[in-house]
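Visitor: Next up is a structure, given as structure tokens.
Throughout, read-outs are computed from the coordinates displayed, never taken from laboratory work. The structure presented is a predicted model; accordingly, all values stated were derived computationally and were not measured. Every residue, glycine as well, gets a Cβ built from its backbone with ideal geometry; the counts of neighbours run over all protein chains shown.
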Amino acid sequence: MKQKSKHKTIFMQRYNIFFPVHRGLRALLFETAQQLQQTDFINTDEAADAVEQINNVVRIFDGHASKEDNYVFAAIAAYEPSVVDAFEQEHVEDHKLGQDLQNWLTAFGYAVAPSAKQTIGAELTKSFIEFSVFNLRHMAKEESVINPLLWRYYSDEELHGITQQILKSLAPEEASVMTGWMVRGLNNTEILDWLKGVKNTAPQPAFEGLLSIAESELQPHRWSLVQDALFEGALLA
């Protein structure tokens, strides 16, 4: 009796241009949603923190959409114009949802009575949930639709090049803020791999900068685990 040959399917891991930035953006949405749920909008300090956080969210997402339009979508516009147009229209909708949030912030700024602050705070929270749901679906769609198109037309090396163009376009403060959220959105192994990659390929100041951000953003027990693993790896290298 002939023995059937066993065929092993090998899946090649391609470079995901949206990782880890989408992980950072999701962390930003999740933490902001929790903050809003816990905010007493009658309390001046808590309300001010919530207003500042929402302004930060809108600014970060607007900047992210602009980078995708100018670098990621632009890379496939000549090949897949209808797909790019559909995603750019979603960015228009995303901007509108951001404007809705800012309109509620303006209304809250004019509120005086505690009851008005509570009512507007509740509407602001609902508006943020709508903003979050839209963006979570949008990012998932980008990963499932745009990634395969990028892989069809570009090598991983070329996609890394697009990422480098985006990084060079960021102002230092913008890059620092986004790096902080990406660290908060990754697990320990992913952070460790990121640190090792930067340590092996980037100038020492870049590695030290990422190390400092990781230390400031991670909870002490997580930072201790990452630091120990990084130090152990350095000893074994």
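Visitor: Hey, could you pull the Cα Rg and Dmax for segment 187-237, both in Å?
Guide: 10.3, 28
Visitor: How many angstrom separate the Cα center of segment 126-167 from the Cα center of segment 180-216?
Guide: 21 Å
Visitor: Listing TYR79, TYR154 from the residue with the fewest other Cβ atoms within 10 Å to the one with the most, what is the order? Each step should come with its number before you reach the end.
Guide: Working: TYR79 13, TYR154 19.
In order of increasing Cβ crowding within 10 Å: TYR79, TYR154.
Visitor: Moving to a separate point now. From the residues PRO220, LEU101, TRP194, which one has its Cα farthest along the dipole of the chain in the positive direction, the dipole being from +1 and -1 charges on Cβ of Lys/Arg and Asp/Glu about the Cα centre?
Guide: Result: TRP194, furthest along the dipole toward the positive end.
Visitor: Moving on. On a 0 to 90 degree scale, rounded to 10, what angle separates helix 156-169 from the longest Cα axis of the chain?
Guide: Rounded to the nearest ten degrees, it is 30.
Visitor: If you don't mind, another one. If each DSSP helix of 4+ residues adds -39,500 (n - 2.57) and the sum is divided by the residues in the chain, what number results at 222 nm, nearest 500 deg cm²/dmol?
Guide: -25500 deg cm²/dmol
Visitor: Would you mind telling me which residue in GLN13, GLN164, GLN34 has the biggest mean-square fluctuation in a Gaussian network model of the chain, where springs connect alpha carbons within a distance under 10 angstrom?
Guide: Highest fluctuation among the options: GLN13.
Visitor: Can I ask one more? Give me the mean projected area, in nm² to one decimal, of the convex hull enclosing the Cα positions of the chain.
Guide: The orientation-averaged projected area of the Cα hull of the chain comes to 19.0 nm².
Visitor: Based on the alpha-carbon set only, what is the convex hull volume of segment 122-237 divided per residue, in Å³? Before the final figure, lay out the partial values.
Guide: Values: hull volume 17.8 nm³, N = 116.
Taking the convex hull of the Cα positions in segment 122-237, it is 153 Å³ per residue.
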